[in-house]
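Down below is the structure, laid out as structure tokens.
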Amino acid sequence: MIKTQILKKILPLLVAPVVFLIGFTACEKAVQPVPINYGQDECEYCRMKITDPRYGSELLLKTGKAYKFDSIECLAAYYLKNKNNPNIHSLWVPDFLTKKFIPAETAVYLHSKDLPSPMGLNISAFKSKEELEKVRQKYGGEVLNWEQVLQLVKKEWLEKEGQKTDHHHHHHHKDMNM
Amino acid sequence: MKRLFLLLFLLYTAGLEAKTITVCPDCPINSIKKALEQAEDGDTILIKKGLYREGNILVKKSVKLIGEGYPVIDGEKKHEVITVKANGVLVKGLVIQNSGKSDIEDIAGIKFFRTKNCRIEDCILKNNFWGIYFAASKNGIIKNNKVIGPAKLSYLKSAFGTQIETNFGNGIHLWHCKDMLVEGNHVKNHRDGIYFEFVKNSTIINNLSEENLRYGLHFMFSHRDNYINNTFRKNGAGVAVMYTKYVYMANNRFEYNWGAASYGILLKEIYDSYMFHNVFYKNTTGIFADNTNRTIIEENDFIENGWAVRIWANSQNNLFKHNNFIANTFNVVTNSFQNPNTYTENYWSDYKGFDLNRDGYGDVPYRPVSLFGYFTENYPQSIILTRSFFIYVLDLTERIFPMLIPSKLVDEKPLMRKYEWSK
Amino acid sequence: MLKLLKYEFYNMFRNKWILFYFLFFLILTSSLFYFTKEPAKVVATLLQMVILVVPLISLILGTIFMYDSRNFIELLLSQPINRKSIYFAKYLGATVSLSAGFLLGVLLPYLFFLRQIEGSAEYFLYASLIVSGVFMTFIFTAFAFLIATFFEDRVKGFGASILVWLYFTLIYDGIILFIIIYFQQYPLEKPVLVLSMLNPVDIARIFVILQLDISALLGYTGTIFKKFFDTWLGMATSFGVMVVWTVLPLTLGLWKFKKKDF
Amino acid sequence: MVKVKNLYKRFGKVEVLKGINLELTGGKVSAILGPNGSGKTTLIKAVLGLVIPTSGEILVKGENVRKSWSYRKYIGYMPQIAVFPENLTLKELINMLIDIRKEGYNPNIKEEIVNGFKLEKYMDKKLKTLSGGTKQKVSALITFMFDPEIYFLDEPTVGLDPISSSFLKDKIREQVERGRLVVLTSHIMSEVEEIADDIVFLLEGQIYVQGKVEEIIQQAGERNLERAIAKLMEKSYNA
């Protein structure tokens, strides 16, 4: 009897922070990309510091939580591993020239061995084909869409990762001809 | 005797063919470019003390560029200072400074592109976008250089929430190379001090890499390399090694990599490697192992780090043996209830057991993981509860009634005394 | 009220508990400085005292003082003084004496050892430790008075004091951890910041830790807090919260005290 | 001087005072009597402002006591058990009260009582070292030295030796002769009979009987007050 009385009095204290939190998140603004703190934030996939604004990417959850990546290939790899999460809201990559976020699905990508991206798959994003061509004139390389980027990352990274139990297989990244 | 004659003869003929061209501001040949025009393969260009502003100097012949009294070659913040596209080039005793800077190009103080048997020795590189850059080269030597860039660590202090200058290049940058030697260099204030990408069968020895904005040493996809007797100090994020097999790291010091997301060393997808006699001192994290497998970590010292070892459950079949864990805030943390690695015969300074049978090993196993450590690894925000009374109670409860910590993550034979290995 | 306060001090400064409290901090701090000459390390240990012992002692001694002076309060109430003055005089008498015990106990050894200190003297760090401790005293003595005014029964009063202490030092952080785990898919940076800012014990703990070496361990979350504290808004907010946590129980206690039958 | 109109007080579920109407005037000693729990102390405390009435009005010298505190300068109160801040000395206590009260302080009266009770030697002693009787004397001292117009004395002679007790009683009578009002409670009926003029007999929160001491003894047809009161109480138990 006394115990339930005490409990009744304490319960609001316990619940208060939770209720507060729910109220707080409910008032949050619409889900949109969060600015990356270059030099401070860590890549969610490869754990490296994010330092290059030409490649810093983001995955947003419906809750507004943002996962940040140092390269487009890391975003793609993370997405491939987590795409069954029903909470995923959107994917964002930076436009190579303006460094502003654009949706990953609408961006066009340049895959050029002479334009190395932070994690070695050499993928850069552009908001339009015209912009991309400006850069491609100098560096060359092939043009990809988002689906093809995913395919590339799957092939170059994820499928090879599966082989790690194999002791002596040949290393999986093609070296440039010397 | 016959042999000696032969040798003398060879030297003589070589001397006949290979001439020395002297360059100085007041000489008839007052620019390096002019000297290069006149030079032939095998010639030496002797550059006397002075300031040389010649735009981009392109070396396409196998010459020796040798400075006397440290002549200064200046890129006027516009050009790549020296570009080498020939084999067997030696660059020695120069000051190379003020390269250009670009948003989309890697402009270096000196760049070697598709070369063999090139050497750069005793040079001073100052204020270049990228310092020494080797691309697609073989059998190169980078020795006793001083590479000081413009990227100050203090940029990071005010970085949070504001856009800061992050566009810096690396100090010694090797890309798609083979059989290289990086020895005795001092690299400072670049983005990454020493950077290897697709570099194989190479050795990094006796270097000091410090106060770089991101990593003191950073390598990816660089198999069968040796890293010996280097010091990586006070780098923004420490050292990162990734996607590589057969790494040999011995006698290195990883120290004062003490920042919000810094590591002594970050191991990401490392296979079949060996870490031996390294010292991790005052790093936020000593070793952070993500997907690191079949690696032996033996006879290393972990002293006064935040986390001595953070190891994720995707890292398997690693062995921690004869290491000394001394006064770290957390010894080992992991994000899983499983333990696929082996910890044995290490010394843990906070081990509280006894050794009644006097065999040198504690009688009860040591459990290096705390529950709070587990939480911080899985829910990073919970770190904000550091030093909370709640955490003491939580850890104490877990020690008395273990529930969450992997029961197999134990050192069955904890050493009673520090393991002495000779340095 | 000031006259009343004067005699409160006469009374308090001769109180053996206050003396013990002072000696406890004096001896502890002195021995810490004796063994390490680095103020940052001393602060790291004292911080635990500030966020655990100071609240606990403030609560316990505060309730003891209030219960013990019940009859005297009756006597005072029969004099031509208003209740507010009595309550404030009692509160200030207790809280200032406790603060002084803590402050002198911690400060004197620091000043004494200041010459022998190796490295940085850490004035700001030490000052923030002391300010935190004083705030803890003001806040939890206010709670003690509130509790002692609410509960006639001493035993209940002590029970409530312990509960308040557990809530702020233990349970609240447990709730935060629960939230962090349960709502991990939400952007929690701001909510966790705000939640921590609502608990004075957490403010003191985090504020001091951020200035210590171990702040590097706090990583990204710590950076957010650090950035917050670096702004005037952050400083003002945390200061404001401390003041609110002092004023809130104090006014509530006074309100109850004014209506109370003796 | 003190007027109580239709006073009710409830503590939780217990109604302690149920409509008290009372008027007390100066120049008299009025004793409030009644069995334990009849509401004596509550009534006194209500007048002092220590207990806040549920309803009803209390006037002290025409001033409503609700929300006022300055009227207490007319009142001296001697509680049943005197407890003082233990680390103050007697002198400090006296100075403190003079400091906060000032009004009415009469050094002559103070001297007289200090001498009468022989308190001089305790002046520099800490209050926690004093015996119960001495504390009672101190309590009387700090009540009388302000020369108030109204006295509330809750069991004033408890713990006093006969000499001190007589001294105190003399002092009480003296005040009445100066036109002061003295309200007291006591369990010693002979004492009440000796010094009181009027009696207010409370029973279960109401005034059961009120009147002059002699009248009450007469009405009950008894020899003395003690027996008269005993009879009254018996009656009430049977009722």
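Observations on the structure shown:
- Residue match in segment C:221-228 (condition: more than 27 Å from A:Asn37 (Cα to Cα), open to solvent by less than 60 Å² (accessible area, probe 1.4 Å) and within 22 Å of the chain's Cα centre (by Cα)): no
- Count of residues meeting criterion [within 10 Å of another protein chain (Cβ to nearest Cβ) and either over 18 Å from A:Lys155 (Cα atoms) or surrounded by 16 or more Cβ atoms within 10 Å (Cβ to Cβ) (or both)] in segment A:89-115: 5
- Counting only residues that are within 15 Å of B:Ile82 (Cα to Cα) and touching a Cys at 6+ places or on another chain (Cβ under 9 Å), segment B:36-57 holds 1 of them.
- Those residues of segment D:52-74 which are in a loop (DSSP other than H, G, I, E, B) and among the hydrophobic types (A, V, I, L, M, F, W, C), in sequence order: D:Ile52, D:Val65, D:Trp69
- Per the conditions (1) more than 10 Å from every other protein chain (Cβ to nearest Cβ); (2) part of a strand (DSSP E or B), the sole criterion not satisfied by D:Tyr77 is (1).
- Listed here are the strands (runs of 3 or more DSSP E) enclosed by segment B:257-331 that have at least 1 residues being away from chain C (no Cβ under 12 Å) and within 20 Å of the chain's Cα centre (by Cα): B:263-271, B:274-276, B:279-281, B:285-293, B:296-298, B:301-303, B:307-311.
- Out of B:Tyr392, B:Tyr374, sole residue that is of a type outside the set (A, V, I, L, M, F, W, C) and closer than 27 Å to B:Thr292 by Cβ: B:Tyr374
- Sole residue being open to solvent by 40 Å² or more (accessible area, probe 1.4 Å), in contact with an Asp or Glu (Cβ under 6 Å, 6 or more places away or on another chain) and touching a residue at least 12 places away in the same chain (Cβ under 8 Å), chosen from B:Lys101, B:Lys61: B:Lys61
- Within segment C:81-108, the set of residues being open to solvent by 10 Å² or more (accessible area, probe 1.4 Å), assigned to a helix (DSSP H, G or I), among the aliphatic types (A, V, I, L, M) and under 29 Å from D:Ile98 (Cβ atoms) comprises C:Leu92, C:Val96, C:Ala100.
- Options A:Lys8, A:Lys65: the member that is modelled with pLDDT of 80 or more, over 23 Å from A:Trp157 (Cα atoms) and either within 14 Å of the chain's Cα centre (by Cα) or among the basic types (Lys, Arg) (or both): A:Lys65
- When D:Gly26, D:Gly49, D:Gly76 are checked against the criterion of being small (Gly, Ala, Ser) and on the phi > 0 side of the Ramachandran plot, D:Gly49 stands alone in meeting it.
- Residue in segment D:88-100 that is buried (at least 19 other Cβ atoms within 10 Å of the Cβ), within 30 Å of D:Ser190 (Cα to Cα) and either within 13 Å of chain C (Cβ to nearest Cβ) or touching a residue at least 12 places away in the same chain (Cβ under 8 Å) (or both) present: no
- Only residues that are within 29 Å of C:Lys260 (Cβ to Cβ) and either more than 9 Å from chain B (Cβ to nearest Cβ) or not in a helix (DSSP H, G or I) (or both) were counted across segment C:167-192, and they come to 2.
- Per the listing D:Lys40, D:Lys45, the residue uniquely within 15 Å of the chain's Cα centre (by Cα) and facing chain C (nearest Cβ under 7 Å) is D:Lys45.
- Selection within segment B:240-256 - more than 21 Å from C:Gly222 (Cα to Cα), in a loop (DSSP other than H, G, I, E, B) and out of contact with any Leu (no Cβ under 9 Å at 6 or more places or on another chain): B:Tyr246, B:Asn251
- Test: residue in segment C:66-76 that is open to solvent by 10 Å² or more (accessible area, probe 1.4 Å), assigned to a helix (DSSP H, G or I) and over 30 Å from D:Ile81 (Cα atoms): no
- The residue that is nearest to the other protein chains (Cβ to nearest Cβ), counting only those in segment C:29-47 that are under 18 Å from the mean Cα position of the chain (by Cα) and within 13 Å of C:Gly105 (Cβ to Cβ), is C:Leu46.
- B:Asp359 falls short on exactly one of the conditions (1) at pLDDT 90 or above; (2) away from chain C (no Cβ under 14 Å); (3) crowded, with 20+ Cβ neighbours inside 10 Å; (4) not in a strand (DSSP E or B), and that condition is (3).
- Residue list for segment A:123-135, restricted to those being surrounded by 19 or more Cβ atoms within 10 Å (Cβ to Cβ) and not in a strand (DSSP E or B): A:Lys127, A:Leu132
- D:Leu17 being within 30 Å of C:Leu5 (Cβ to Cβ) and either within 10 Å of chain C (Cβ to nearest Cβ) or open to solvent by less than 20 Å² (accessible area, probe 1.4 Å) (or both): no
- Every listed requirement among (1) modelled with pLDDT of 90 or more; (2) among the hydroxyl-bearing types (Ser, Thr, Tyr); (3) within 30 Å of D:Thr54 (Cα to Cα) is met by D:Tyr208 save one, (1).
- Residue count for segment B:194-234 under the criterion of being away from chain A (no Cβ under 14 Å), modelled with pLDDT of 95 or more and not in a strand (DSSP E or B): the result is 4.
- For D:Ser38, the test of being in a loop (DSSP other than H, G, I, E, B), among the hydroxyl-bearing types (Ser, Thr, Tyr) and open to solvent by 20 Å² or more (accessible area, probe 1.4 Å) is failed.
- Here the condition is being open to solvent by 40 Å² or more (accessible area, probe 1.4 Å) and in contact with a His (Cβ under 8 Å, 6 or more places away or on another chain); of B:Asn56, B:Asn30, B:Asn87, it holds for B:Asn56 alone.
- Residue within segment D:53-73 that is away from chain C (no Cβ under 12 Å), open to solvent by 10 Å² or more (accessible area, probe 1.4 Å), among the basic types (Lys, Arg) and in contact with a Gly (Cβ under 6 Å, 6 or more places away or on another chain) present: no
- Residue within segment B:366-381 that is open to solvent by 30 Å² or more (accessible area, probe 1.4 Å), away from chain C (no Cβ under 11 Å) and not in a helix (DSSP H, G or I) present: yes
- Entirely in segment B:44-127, the strands (runs of 3 or more DSSP E) that have 3 or more residues that are within 23 Å of the chain's Cα centre (by Cα) and of a type in the set (A, V, I, L, M, F, W, C): B:108-113
The values are calculated or read from the model by the stated rules, or taken from the named source; none is laboratory data. Just so you know, these numbers come straight off a predicted model, no measurement behind them. Positions of Cβ are generated from backbone atoms using ideal geometry, with glycine treated the same way; all protein chains shown enter the neighbour counts. Accessible surface areas use protein heavy atoms only, side chains included; no ligands, DNA or RNA. Shrake-Rupley method; radii C 1.70, N 1.55, O 1.52, S 1.80 Å.
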